[in-house]
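Reading through the structure tokens given below for one structure.
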């Protein structure tokens with residue numbers, strides 16, 4: 001894999017990809033994990049790879065699907081160049097492996113569960129990356145965060161405030177899906193975007 005260091009100091013990939021790289025972002029509680037789980041069992045869904053995330057957070061019952069990794073191992077692997085994307089949020093480190101480049105080269109589309117704050121960096125690293133901005137109404141988001149029972153009321157309000165601020169990063173040219181209704185409708189929105197882009201390529 002050829003890589004070029006950009007002016008900002010990030011490594012930019014020089015991979016010849018025939019698959020599309022979708023980068024899914026949205027606030028905690030918006031339903032990104034629910035979408036990924038629904039796509040895992042979606043009938044007759046060809047050539048879509050769901051990239052694994054490595055997180056320095058212990059796995060918990062009912063948590064998102066990820067590979068648990070201790071901070072020291074994370075640092076070693078990041079320094080070795082094993083990860084394509086790395087970011088930090090809420091006291092934990094996150095990463096996505098370089099393995100996804102193999103799937104892109106073989107023509108598979110890849111879906112990454114990413115970070116809004118890291119999106120501009122991800123777009124610099126992989127030109128052609130397709131942002132998928134996932135939204136939900138604030139009323140529904142508050143209800144979902146309360147239903148998870150992971151945080152107190154003050155922490156939930158801080159998350160909602162952070163969501164409002166991160167919404168300012170959105171650009172009109174990015175694709176949006178809304179997850180206020182059932183997950184089947186959300187899957188259909190994503191697949192419609194994918195089909196349109198595939199038809200245009």
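The values are calculated or read from the model by the stated rules, or taken from the named source; none is laboratory data. Computed from a predicted structure; not experimentally measured. Cβ coordinates were reconstructed from backbone atoms using ideal geometry, including for glycine residues, and neighbour counts include every protein chain displayed.
Applying the condition of being out of contact with any helix residue (DSSP H, G or I) (no Cβ under 8 Å at 6 or more places or on another chain) and assigned to a loop (DSSP other than H, G, I, E, B) to the stretch 150-160 and asking which residue is surrounded by the most Cβ atoms within 10 Å (Cβ to Cβ) yields 150.
I'd like to know if the stretch 82-99 contains one or more residues that are more than 25 Å from residue 187 (Cβ to Cβ), assigned to a loop (DSSP other than H, G, I, E, B) and modelled with pLDDT of 95 or more. Yes: the stretch 82-99 contains one or more residues that are more than 25 Å from residue 187 (Cβ to Cβ), assigned to a loop (DSSP other than H, G, I, E, B) and modelled with pLDDT of 95 or more.
Do you know which residues across the stretch 37-52 are touching a strand residue (DSSP E or B) at 6+ places or on another chain (Cβ under 8 Å), within 11 Å of residue 191 (Cβ to Cβ) and outside any strand (DSSP E or B)? The one that is touching a strand residue (DSSP E or B) at 6+ places or on another chain (Cβ under 8 Å), within 11 Å of residue 191 (Cβ to Cβ) and outside any strand (DSSP E or B): 39.
Of all residues in the stretch 85-107, those satisfying the criterion of being touching a residue at least 24 places away in the same chain (Cβ under 8 Å) and over 18 Å from residue 74 (Cβ atoms) are 101, 103, 104, 105, 106, 107.
To keep it simple, each residue is scored yes or no on (1) buried (at least 20 other Cβ atoms within 10 Å of the Cβ); (2) within 18 Å of residue 33 (Cβ to Cβ).
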| site | (1), (2) |
| --- | --- |
| 74 | yes, no |
| 89 | no, yes |
| 98 | no, no |
| 102 | no, no |
| 106 | no, no |
| 121 | no, no |
| 128 | no, no |
| 144 | no, yes |
| 148 | no, yes |
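When the test is whether a residue is touching a residue at least 12 places away in the same chain (Cβ under 8 Å), touching a helix residue (DSSP H, G or I) at 6+ places or on another chain (Cβ under 6 Å) and either within 26 Å of residue 45 (Cα to Cα) or assigned to a strand (DSSP E or B) (or both), residue 110 passes it. Being free of Cβ contacts under 8 Å to residues at least 12 places away in the same chain, assigned to a helix (DSSP H, G or I) and either in contact with a helix residue (DSSP H, G or I) (Cβ under 7 Å, 6 or more places away or on another chain) or surrounded by 15 or more Cβ atoms within 10 Å (Cβ to Cβ) (or both) is a property that does not hold for residue 196. Kindly establish whether residue 54 is over 14 Å from residue 111 (Cα atoms), in contact (Cβ under 8 Å) with a residue 40 or more places away in the chain and surrounded by 13 or more Cβ atoms within 10 Å (Cβ to Cβ). Taking the combined requirement at face value, the residue satisfies it.
Conditions first: (1) in a loop (DSSP other than H, G, I, E, B); (2) modelled with pLDDT of 85 or more. Residue 16 passes all but one, so which condition is the exception? Unmet for residue 16, out of (1) in a loop (DSSP other than H, G, I, E, B); (2) modelled with pLDDT of 85 or more: (2).
Each residue in the stretch 161-190 was checked for being in contact (Cβ under 8 Å) with a residue 60 or more places away in the chain and surrounded by fewer than 15 Cβ atoms within 10 Å (Cβ to Cβ), and 2 of them qualify.
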